[in-house]
Amino acid sequence: MKQKQKPTHSACTVVATAHTLRGLRLAASLRLRSGVDVVEVRLDHLATQESTVARELTKIALPLLITARHPSEGGTNRLSLPRRRALLQRFLPAASMIDVEIRSARSLQGVLREAGQRGITRILSFHDFDRTPARHHLAAKIRDGRKLGADIVKLATKLRGPADLANLLSIQAESKEGVATMGMGPLGKVSRLVLPSAGSLLVYGYLDRPQVEGQWPAEEVALRLREVMV
């Protein structure tokens, strides 16, 4: 598998998530004019179909972001650490970006080291599907991610109200660079337009169907961001 070219612009990167084979096939039809920059491949969802995934990835023109999510942070199929490591290592040569949870960074440091050697962007992430933690907790996650070698620290949290969105906005504005924030829940869609305007480096949308409440279809969020970030 050949690594695909990275996105070259410095604005917020629009990521289209593919967690089904149908999503991968939809990703193959995407081109730069779609406004989508990167296709995220959820290897935890697709773990039982490796050979088919490998074949489908060759048809996708856009750069690839791979992740095999920890079960405690939204990962499916209850994958063990060795299984997740094996999936990431298999598909690393095709990736331009990789996402590993902060909690898994030490256990997967060999994969992350190889990613760095290959020039692959390393995203270290934190997901909370129940709430938005206090600002000092989020700031600590950012510090941890940076210490562990993140190129980008990603924070995705459940927004229970406007105060939670304000919390993410504040932490994003103070972080200045190297951070991506996004919300889930009823205010998730709003957050995915507002936070890029505050400096978030990544915004995620779906191809086949949403994984969490608050996601836009990928091409629609790309279009709406062009409208609000002029």
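Each reported figure results from applying straightforward, stated rules to the coordinates on display, with no laboratory input. Predicted, not measured: the structure shown is a model, and the values here were computed from it. Because the Cβ atoms are built from the backbone with ideal geometry, glycine has one as well, and the counts that use them run over all protein chains shown.
Of all the options PRO82, PRO186, PRO63, the one that moves most in a Gaussian network model of the chain with Cα springs shorter than 10 angstrom is PRO82. Put in line by how crowded their Cβ is, counting other Cβ atoms within 10 Å and starting with the fewest, ARG90, ARG78 read ARG78, ARG90.
Within straight-line reach of LYS176, meaning a Cα separation under 20 Å, sit the following aspartates and glutamates at least 8 residues removed in sequence or on another chain: ASP144, ASP151, ASP164. Loop-located GluC sites (Glu not before Pro) in the range 171-230 (DSSP state other than H, G, I, E, B) with a sparse environment of at most 12 neighbouring Cβ atoms within 10 Å: GLU177. Taking a ≥ b ≥ c as the square roots of the eigenvalues of the alpha carbon gyration tensor, the range 116-213 is oblate, as a/c is not under 1.5 and a/b does not beat b/c. Result for the chain in a Gaussian network model with C-alpha springs under 10 Å: among ALA198, ALA163, ALA105, the largest mean-square fluctuation is at ALA163.
Using a 10 angstrom cutoff on alpha carbons, build the Gaussian network for the chain and name the most mobile of LEU112, LEU88, LEU79. Evaluated over the chain, the most mobile residue of the options is LEU79. Among THR20, THR52, THR13, THR132, the order by Cβ neighbours within 10 angstrom, fewest to most, reads THR52, THR20, THR13, THR132.
Using C-alpha pairs below 8 Å separated by at least 6 residues, the relative contact order for the range 13-228 is 19 percent.
So if I place +1 on the C-beta of Lys and Arg and -1 on the C-beta of Asp and Glu, and nothing else carries charge, what would the dipole magnitude of the chain be about its Cα centre? I want it in debye, nearest 20.
Values: 36 positive and 21 negative charges, 107 e Å.
Using Cβ point charges on Lys, Arg, Asp and Glu, the chain gives about 520 debye.
Ranked by the mean number of other Cβ atoms within 10 Å of their residues, highest first, the peptides 38-46, 187-195 fall in the order 38-46, 187-195.
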